[in-house]
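The values are calculated or read from the model by the stated rules, or taken from the named source; none is laboratory data. All values derive from a computational prediction rather than experimental measurement. FYI the Cβ positions are ideal-geometry reconstructions off the backbone, even for glycines, and counts take in every protein chain you see.
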Amino acid sequence: MTTYQATVTDEKGRIDKVITELIPAVSRNQAQAAIKIEQVTVNGQPVKAKYQVKAGDKIQVMLPEPEPIEAEPEPMDLDIVYEDDQVIVVNKPQGMVVHPAPGHAHGTLVNGLLAHGQLSSINGKIRPGIVHRIDRDTSGLLMVAKTDIAHQSLSAQLKAKSNLREYIALVHGVITEEAGTIDAPIARDPKNRKKQAIVAGGRHAVTHFEVIERFENFTLVRCRLETGRTHQIRVHFQYIQHPVAGDPLYGPKKTLPGNGQFLHAAKLGFKHPTTGEWLEFEAPLPKIFVDTLAELRHES
């Protein structure tokens, strides 16, 4: 069991809601399940789900240890753009999770890569070979390490910001500037553990962008990542009041047909881990992105 403790100060409402506010590591579903089996106590006594907290309440939550996850090989069709004995560059489709996690044990990119061949061991049994990630509903290019030497080299390039990562994004509203830089620190949203937010004292995050095309109510932009924080482009464009179209977490709901944000990792460049040769790759926009742009041009 893992035990979490917290004391209510000015929080108000039902016990399950307050637990998620005070203890970000515990989800609402986990809190509700723990309440049902009397693994949540307030001032030493089990409480019902309808309990309304009071200032000074001492909350204790006990959760079972999570089941260990281990990625298993699963044969699948992968869009491999480049491969040699050190690295793989793969074009990930929208909707595919990169590596196993609770709720996503199968069907991930890592499952498919393990069936394809050797991966580095540095990130253990859940994320073998994975040097960087893109969100489930973001499509595009990822570099994957097949050996530990390659993994160390690619990770060092990410840290030194010497690699190239360019994205194409369709965002809400018309951006009047031709280009710009968003420099705003990112950390977990203190009000919603599933989101990131601009937070003073958060991790340094910089996104450069330039306008490709303007529509009546949208703008197509090219983004270059200087840093690689979780949800960086999505959070940064929400911050400047131009959220990524189709983004279920940071943007308006159901404004365009589709299943997730219109964000595509279009270009990737890095030095080969062993030869030092500069490699650069591009992936075309997925069909739904192309079709949506065509419709917007027609409407404009």
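For every residue, the table says whether it meets (1) within 30 Å of residue 290 (Cβ to Cβ); (2) among the β-branched types (Val, Ile, Thr).
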{"position": "10", "(1), (2)": "no, no"}
{"position": "21", "(1), (2)": "no, no"}
{"position": "59", "(1), (2)": "no, yes"}
{"position": "72", "(1), (2)": "no, no"}
{"position": "82", "(1), (2)": "yes, no"}
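Across segment 233-269, what is the number of residues that are under 25 Å from residue 143 (Cβ atoms), surrounded by 19 or more Cβ atoms within 10 Å (Cβ to Cβ) and in contact with a strand residue (DSSP E or B) (Cβ under 6 Å, 6 or more places away or on another chain)? The qualifying residues number 13. Mind checking whether some residue in segment 174-189 is at pLDDT 90 or above, under 18 Å from the mean Cα position of the chain (by Cα) and closer than 30 Å to residue 277 by Cα? Checked segment 174-189: no residue is at pLDDT 90 or above, under 18 Å from the mean Cα position of the chain (by Cα) and closer than 30 Å to residue 277 by Cα. Residue count for segment 138-162 satisfying the condition of being surrounded by fewer than 22 Cβ atoms within 10 Å (Cβ to Cβ) and in a loop (DSSP other than H, G, I, E, B): 3. In summary, residue 3 fulfils each of the numbered conditions (1) assigned to a loop (DSSP other than H, G, I, E, B); (2) loosely packed, with under 15 Cβ neighbours inside 10 Å with the single exception of condition (1). Within segment 13-70, the set of residues being in a loop (DSSP other than H, G, I, E, B), surrounded by 15 or more Cβ atoms within 10 Å (Cβ to Cβ) and modelled with pLDDT of 90 or more comprises 39, 47, 51, 53, 57. Being crowded, with 17+ Cβ neighbours inside 10 Å and either touching an Asp or Glu at 6+ places or on another chain (Cβ under 6 Å) or not aliphatic (A, V, I, L, M) (or both) is the filter here, so list the residues in segment 101-131 that pass it. Those that are crowded, with 17+ Cβ neighbours inside 10 Å and either touching an Asp or Glu at 6+ places or on another chain (Cβ under 6 Å) or not aliphatic (A, V, I, L, M) (or both): 108, 111, 112, 116, 120, 122, 123, 127, 128, 129. Taken together, the criteria place residue 84 among residues that are more than 27 Å from residue 249 (Cβ to Cβ) and either surrounded by fewer than 21 Cβ atoms within 10 Å (Cβ to Cβ) or in the same structural domain as residue 258 (by TED's automatic domain parsing) (or both).
Residue 77: closer than 26 Å to residue 189 by Cα and without any contact (Cβ under 8 Å) to a residue 60 or more places away in the chain, yes or no? When the stated conditions are applied, residue 77 does not pass them. Listed conditions (1) acidic (Asp, Glu); (2) over 22 Å from residue 282 (Cα atoms); (3) modelled with pLDDT of 95 or more are all met by residue 84, apart from (2).
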